[in-house]
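The values are calculated or read from the model by the stated rules, or taken from the named source; none is laboratory data. Since we're looking at a predicted model, the values are computed, not measured. Positions of Cβ are backbone-derived with ideal geometry, glycine not excepted, and every protein chain shown enters the neighbour counts. Remember, those area values only see protein heavy atoms, side chains included, never the ligands or the DNA or RNA. Shrake-Rupley method; radii C 1.70, N 1.55, O 1.52, S 1.80 Å.
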Amino acid sequence: MTTTPGSTDQSLIRNFCIIAHIDHGKSTLADRMLQATDLVSDREMRAQYLDRMDIERERGITIKSQAVRLPYRAVDGRTYVLNLIDTPGHVDFTYEVSRSLAACEGAVLLVDAAQGIEAQTLANLYLALENDLQIIPVLNKIDLPAAQPDKYAAELAHIIGCSPDDVLRVSAKTGAGVAELLEQIVADIPPPTGDPDAPARALIFDSVYDTYRGVVTYVRMVDGSLDHRQRIEMMSTGATHEALEVGVISPEPVPGDALAAGEVGYLITGVKDVRQSRVGDTVTTAAAGAAEALGGYQDPKPMVYSGLFPIDGSDYPVLRDALDKLKLNDAALVYEPETSTALGFGFRCGFLGLLHLEIVRERLEREFGLDLISTAPSVVYRVGMEDGTEHVVTNPSEFPDGKIAEVNEPIVRATVIAPSDYVGAIMELCQSRRGTLLGMDYLSSDRVELRYTLPLAEIVFDFFDALKSRTRGYASLDYEPAGEQVADLVKVDILLHGDAVDAFSAIVHRDRAYSYGVAMAGKLKELIPRQQFEVPIQAAIGSRVIARENIRAIRKDVLAKCYGGDISRKRKLLEKQKEGKKRMKMVGSVEVPQEAFIAALSTESDR
Amino acid sequence: MRQDRRGTSRPALRFYVHVPYCAARCGYCDFNTYVPGEQGRGSRSQWRDAAVAEVAAARAALPVDPRPVASVFVGGGTPTLLPAADLGAVVARIAEEFGLTADAEVTVEANPENITPRLLDDLLTAGVNRLSIGMQSADPAVLAVLDRRHQRDGAVRAARLAALAGFDRVSLDLIYGTPGETDASWRDTVRTAIDTGVTHVSAYALKVEPGTALARQVAAGHVAPPDDDEAASRYEAADDMLTAAGLPWYEISNWAVPGHECRHNVGYWSGDDWWGVGPGAHSHLAGVRWWNVRHPTRWTAAVSGGEDPREGQEVLDADQRRTEQVMLGVRLAAGFDPDVLVGPGRRRTVAALARRGLLEPAGEREWRLTRRGRLLADAVTVELLQPVRSAATG
Ligand SMILES: Nc1nc2c(ncn2[C@@H]2O[C@H](COP(=O)(O)OP(=O)(O)OP(=O)(O)O)[C@@H](O)[C@H]2O)c(=O)[nH]1
Ligand SMILES: C[S@@+](CC[C@H](N)C(=O)[O-])C[C@H]1O[C@@H](n2cnc3c(N)ncnc32)[C@H](O)[C@@H]1O
Ligand code: SF4
Ligand SMILES: [Mg+2]
């Protein structure tokens, strides 16, 4: 039996992913597996090898799932092919995890032995169970002095329904226990069971745009095989291409002759148009292809929307092109053109959360050289009017005027896990955020799981920070969409010198409207330079003003000092002022510097 | 001079002479000046010889320039730290090389504490006919914050002595907006200046220059930063009082009995030519600006070695010339001609600024700043230089 890509016997293949709460050590464990299988030498090794993007390495978190093929010689003397997928842990990227799960038969559920089960541990475990995956429970970081392996083995066993003795103990740092874990993977995770002789069917679980090679498509072969130079077909569109290159990632791309049933690999067609290779689509052969596509993915629904505007208006086409390219391997990103009177042309973009927004924005800026302003994030509201019409509002400035019957806001089911000492503080916080307690369970004698329904708008912005500070960092949070509820929401407009500034409008609960208005007006007063006339800043609900500030008129703007004959210096100062004026946006008759927009729209201290 | 600019005749030729010495450095001052013991100061006797040599070099550079010199301004630093004869030697050499116009204005900047009847006589003998005295304030608290070496009475006494000695053109420099100054103490300062009977007053808003002792005190929180709104009120008070006393404004920071304007400074704002003699001095000749090395020792070495003491220069392009013309011209009460602006929107820009109370007509074609406009002169200038945009939004 062989393990050459394209002709690996399915009985020797183990496809699995590593899932865990954020920072529990998935990527570090993957490092040890890369080394234990001699795929990466000690010399080439670097921490979190599979976190390949600069932004991942800088932030020390995984954003993109990464698949890698490990040839593994087991104690039974046979060489197996392990396809490992390292996944992200942050709640914003749960969708990334669920796509990876669909390419696997098993999952290593990793838990930090000093932290225990956390909110995303549960969320990812449930996802894996829904996908019928074999779970291997593992405690990591047993080298830490603060580790409590017995306690957390019991917690894990309790959740999964196994014996505490079944929970493996490893240190991804020292490598202790990793050899046993690899044996367990071979023993427990079932090999793939696709039909090698059926027409080819491969599930696209990721797609990346590469400047040199065009679109690189990552697939899990389910049935049949795809050969180098074969004509292939994308089943959703019927488009056919030539497979210019097929191969596996081990740990860098290794071209081969074919990809066979059960394998995980990549293919390149030379196509530059990113829309040709949609995540979730099924690839088959152009001749004698499969009749039925594999079940794809459900595109995730964006949780928050924000407008992205290039600071330099002429960058608009660059932004559009950049979004098209990012969208390719970020199915969760949605966008459509938007025009703001204050900010010009841009895009209304939907994101899975604020980290997602931040990452997309940062990638746009660094990978495409753009300078962007993002507007205050907003969730999606459904507004029913008395005349029976309905508006879906992703942009506060589009909140309808007129007679509103009811406003629906999205809600989530949130899970908070924390030491039981903090139950009071957590309940108080959730209450203040309009939460409803659904239930509470003890994971062990001193740790609880609280379940709440909460408005999405109340938790998506700064809830997690508030939670962390009230629990000294011990609480973890996960949430998933849970429908809508009717709520008493109003739009607060911000008027500068009488003109509403669309970019500053917000939809808030009536009880919070006043504090929002006061805070925003105060912030703008600090940020907007004095003008030649007095500028009132008002926060208003409809025509009712709820807060007001005044920017006093500037009285003196002249260099009244003796410069003698040094006229060049004076001219240069003036030219600088002239330049500064170019960075001003006109809002009605008020000049607002770009910096003021950026600072006013920064999310930290908004609510 | 204005006619000269538009007509075919050349602008006037002037000389600025820089004396880079002070007895002590005032806390707010960032001028190119050196106190005893400071690096690069050089010796005063070398200064005189080098200054004379630079005048000769100017003549060598302009061998056939037919223009007699219309004004000489000896500034600093503290020119009155030097013997009057040294200053006189430089003025004499200018007269010798270029000739002086019949009504040439020869100004020397003087610090009150140096002024004695003897010095005044010597200056008159040297051909000086105008004095500019650094009074700054009559408020002892302000003089202390400014680190000045004279008392309230010093400048008053100096102005009286100057008048007695026969100077009929005396100016006082004032600074307003100093932390510690009050509306009342500023009015007292202006009143004191007017009562000396001088025919010219300059008043400047205190600017905290980076790197000065004052800047450090402000950064450390020991001294409050000057407040722009207060400065605006002080400006208005000074303007009211000086105008009432018969000294209307002729430039944003300058007031004079008509006919007693400083012609040398007006020349700077009108695009005249001048040669700057001395370390760090700036010059302008037909659209070229240059400036000398700043250190007196380096400047002396260059000039006495027959080398060019310039440190840098710029040749103004059309756009820069236009910027300067607007920037400088707008400061004068005589006004500016909107035709120096370019773009189809220039008339509308001017009209919009007038509507907003920042410009007013000053003659058949000229416009000038209103008082509110004077206080916002830099913003007005920027708008004038962007005619199309401001027309659309104004
Ligand atoms: N002491 C100790 N530290 C570990 C161990 N495993 C991981 N770490 C550390 O834990 C931190 C997080 O490790 P990662 O491997 O990036 O965690 P991750 O689960 O991939 O994180 P995300 O991808 O962001 O969800 C890093 O600082 C690791 O060095 C371990 O076994 N022992
Ligand atoms: C070249 S300086 C005069 C030098 C002279 N030694 C004196 O101090 O009187 C011309 C004038 O500029 C003004 N001045 C100097 N530094 C200033 C500052 N930082 N802010 C405002 N005005 C200043 C003072 O009024 C000063 O008299
Ligand atoms: S005397 Fe005049 S030039 Fe000298 S340090 Fe004081 S302000 Fe500056
Ligand atoms: Mg990771």
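Observations on the model:
- Taking 0.692 mPa s as the viscosity and 37 °C as the temperature, the Stokes-Einstein diffusion coefficient of segment A:95-199 based on its alpha-carbon Kirkwood radius rounds to 225 µm²/s.
- Estimated FRET transfer efficiency (A:LEU527, A:SER445; beta-carbon r; R0 51 Å; 0.05): 0.50
- Space enclosed by the convex hull of the alpha-carbon atoms of chain B, per residue, Å³: 146 Å³
- In this rough spin-label picture, where each label sits 7 Å from Cα along the Cβ direction, the A:ASN550-A:GLU183 distance is 8.1 nm.
- Note on B:ASP308 and B:ALA244: their simple-model spin labels are 5.4 nm apart, each label 7 Å out from Cα toward Cβ.
- Segment B:167-235-segment B:314-334 distance, computed between alpha-carbon centres (Å): 27 Å
- Shielding value for B:375-386 is 5, the average number of Cβ atoms from other chains within 10 Å of each residue's Cβ.
- Here is the short version for chain B: B:CYS22, B:CYS262 have no other Cys C-beta closer than 4.7 Å.
- Antiparallel bridges, percent of DSSP beta bridges restricted to the protein assembly as shown (to nearest 5): 70 percent
- Label-point separation, A:HIS158 to A:TYR514 (7 Å along Cα→Cβ), nm: 4.5 nm
- Modelled FRET efficiency - R0 60 Å, A:ASP76 with A:THR436, Cβ distances, 0.05 increments: 0.65
- Accessible area of segment B:2-269 belonging to carbon and sulfur atoms, whole % at 1.4 Å probe: 53 percent
- Each Lys and Arg adds +1 at its Cβ and each Asp and Glu adds -1 at its Cβ; summed about the Cα centre, segment B:318-392 shows a dipole of about 280 debye.
- The mean sequence distance of close C-alpha pairs (under 8 Å, at least 6 residues apart), as a share of the length of segment B:2-269, puts its relative contact order at 17 percent.
- Amide N proximity, segment A:248-284 versus A:ALA198 label position 7 Å along Cα-to-Cβ, cut-off under 19 Å: A:259-265, A:280-284
- Computed [θ] at 222 nm, helices only, for the protein assembly as shown once each DSSP H run of length n ≥ 4 contributes -39500 (n - 2.57): -9500 deg cm²/dmol
- Distant-in-sequence amide contacts of B:GLN136, defined by a placed amide H-H separation under 5 Å and a gap of 5 or more residues or a different chain, comprise B:ASP173, B:LEU174, B:ILE175.
- Pairwise alpha-carbon distances in the protein assembly as shown exceed 52 Å for 44% of all pairs.
- With K and R counted +1 and D and E -1, the other residues having a Cβ less than 13 Å from that of B:GLN217 yield a net charge of -1.
- Charge sum, other residues only, whose C-beta stays under 14 Å from A:GLU386's C-beta, Lys/Arg counted +1 and Asp/Glu -1: -3
- In a fully extended conformation the segment linking A:LEU144 and A:ARG366 would gain 76.3 nm over its present Cα-Cα distance, using 0.36 nm per residue.
- Structural descriptor for segment B:318-392: relative contact order 37 percent, calculated from alpha carbon pairs under 8 angstrom and at least 6 residues apart.
- Between segment A:363-423 and segment B:78-102, the alpha-carbon center distance in angstrom: 77 Å
- Other residues whose C-beta falls under 13 angstrom from the C-beta of B:ASP86 contribute a net charge of +1, scoring Lys and Arg +1 and Asp and Glu -1.
- Given their separation in residues at 0.36 nm each and the Cα-Cα distance between them, A:LYS578 and A:ILE404 gain 58.0 nm when the chain is fully extended.
- Proximal lysines to A:LYS173, defined as alpha-carbon separation beneath 30 angstrom and excluding residues fewer than eight positions away on the same chain: A:LYS26, A:LYS64, A:LYS141, A:LYS151, A:LYS468
- Size estimate for segment A:483-607 follows the Kirkwood approach: the inverse of mean 1/r over distinct Cα pairs works out to 16.5 Å.
- A:SER589/B:ASP317 FRET efficiency (R0 35 Å; Cβ-Cβ; nearest 0.05): 0.60
- Among the chymotrypsin sites (Phe, Trp or Tyr not before Pro) within segment A:47-128, not one is in coil by DSSP while having at most 15 neighbouring Cβ atoms inside 10 Å.
- Per residue, in Å², the accessible surface of chain B once ligands and nucleic acids are set aside, probe 1.4 Å: 39 Å²
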